[in-house]
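A short write-up of the structure that comes next.
Derivation of every value follows stated rules applied to the coordinates shown; laboratory data play no part. Remember, it's a predicted structure, so these values are computed and weren't measured experimentally. Using ideal geometry, Cβ is built from the backbone for each residue, glycine included, and neighbour counts are taken over all protein chains shown.
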Amino acid sequence: MAQTPAQSSAPVSRSARRIALLGMIAGYGNALGFVELGGVFVGAMTGNTTDMGAALASGDWPHGLKVAAIVAVFFISAVLAGVVRRLWLPARGFLIMVGLLVVTQAVQGHPAQRVCELLFLPAFMAVQGETISRFSGNAIQTIVITSNLLKCASAIAGWLVSLLPGSTSARPAHGTILLPGLAWAAFFLGAMAATAALRLHAPLPFLWPLPLLAILYADLAHAERAHDPE
């Protein structure tokens, strides 16, 4: 079984680079799925669970069951991605993400397009969430924005309290403010990029994240081979 490198002492600069790329990919994928699947999210299960409950309670069974399928696909994919991460090198998760995007792009225009998007896009987001979620000792989930905003706000609050006269509170490390804030900003930019791609009818929109995934794979695979800290 492959050993996961230690994840507590990576330079903040390395973690910031990874979070920026992952955040853009997550924002891009979530926005792409939101448009393609008619207003449901492929990576935000809190919103989807609320949407599912409201739809089923109001009798909108087709929509409620569609959202339920997305939640189920996301959960099952996360379980499988977790198995891959534990049995093999976590960097292989990025290769799985590439495959999911390539297949999704390949079925565009096919009668099975929507069904494939319903299966592959939530799986894509789940695999990202399970592939890497610790950065310089901080647990940061790049596909979840609410928790990152709260972590950033909490760290800023701790920093402000530490500045008060006579305060004995320890000043938070810069990474505890920078990294979750950067995850939000990168997600936002990724969502804008996906929307622009669709509005401009750009060719092969599902393949745009591939260069970013290639960079991440090379980066993490190198760190795993060298047993460098994450």
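Per q in 0.11, 0.13, 0.17 Å⁻¹, report the Debye log10 I(q)/I(0) for the range 12-221, using one uniform scatterer on each alpha carbon and no solvent.
Ignoring solvent entirely, the Cα scatterers give -0.55, -0.74, -1.16.
If I fit a long axis through the Cα atoms of helix 92-106 and take the longest principal axis of the Cα atoms of the chain, what angle between them do I get, 0 to 90°, rounded to 10?
With both axes taken from Cα atoms, the answer is about 30 degrees.
Distance in nm between label sites at Trp159 and Thr46, each 7 Å beyond Cα in the beta-carbon direction?
With each label placed 7 Å out from Cα toward Cβ, I get 2.2 nm.
Helix 12-36: angle to the longest alpha-carbon principal axis of the chain, degrees 0 to 90, nearest 10?
20
Check which residues have an amide H placed less than 5 Å from Ser136's amide H, if you skip close sequence neighbours.
Ala10
Springs between alpha-carbon atoms under 10 Å, Gaussian network over the chain: tell me which of Pro172, Pro209, Pro122 tops the mean-square fluctuations.
Sorting by GNM fluctuation, first place goes to Pro172.
To the nearest 500 deg cm²/dmol, what mean residue ellipticity at 222 nm is calculated for the chain from DSSP H runs of n ≥ 4 alone, each contributing -39,500 (n - 2.57), summed and divided by the residues? Working shown, then result.
Values: 8 runs with 159 residues, N = 230.
Only helices count here, giving -24000 deg cm²/dmol.
Considering only C-alpha atoms, what is the centroid distance from the range 126-185 to the range 9-33, in Å?
Cα centroid to Cα centroid, the span is 14 Å.
Return one number: the angle in degrees, 0 to 90 and rounded to the nearest 10, between the long axis of the Cα atoms of helix 174-199 and the longest principal axis of the Cα atoms of the chain.
Orientation of helix 174-199: about 20 degrees from the principal axis.
May I ask you to order 12-19, 90-97 by the average number of other C-beta atoms within 10 Å around their residues, highest value first?
Working: 12-19: 19.2, 90-97: 21.9.
Listed from highest to lowest mean packing, they are 90-97, 12-19.
How big is the range 102-230 by the Kirkwood estimate over distinct Cα pairs, in Å? All intermediate terms of the calculation are to be shown ahead of the outcome.
Working: mean 1/r = 0.0572 Å⁻¹.
About 17.5 Å for the range 102-230.
In sequence order, what are the phi-derived ³J(HN,Hα) couplings for the range 155-164 according to the Karplus relation 6.51 cos²θ - 1.76 cosθ + 1.60 with θ = phi - 60°, rounded to whole Hz, with x for glycine and proline?
Using θ = phi - 60°, the values come out as 5, 5, 4, x, 5, 5, 5, 5, 7, 5 Hz.
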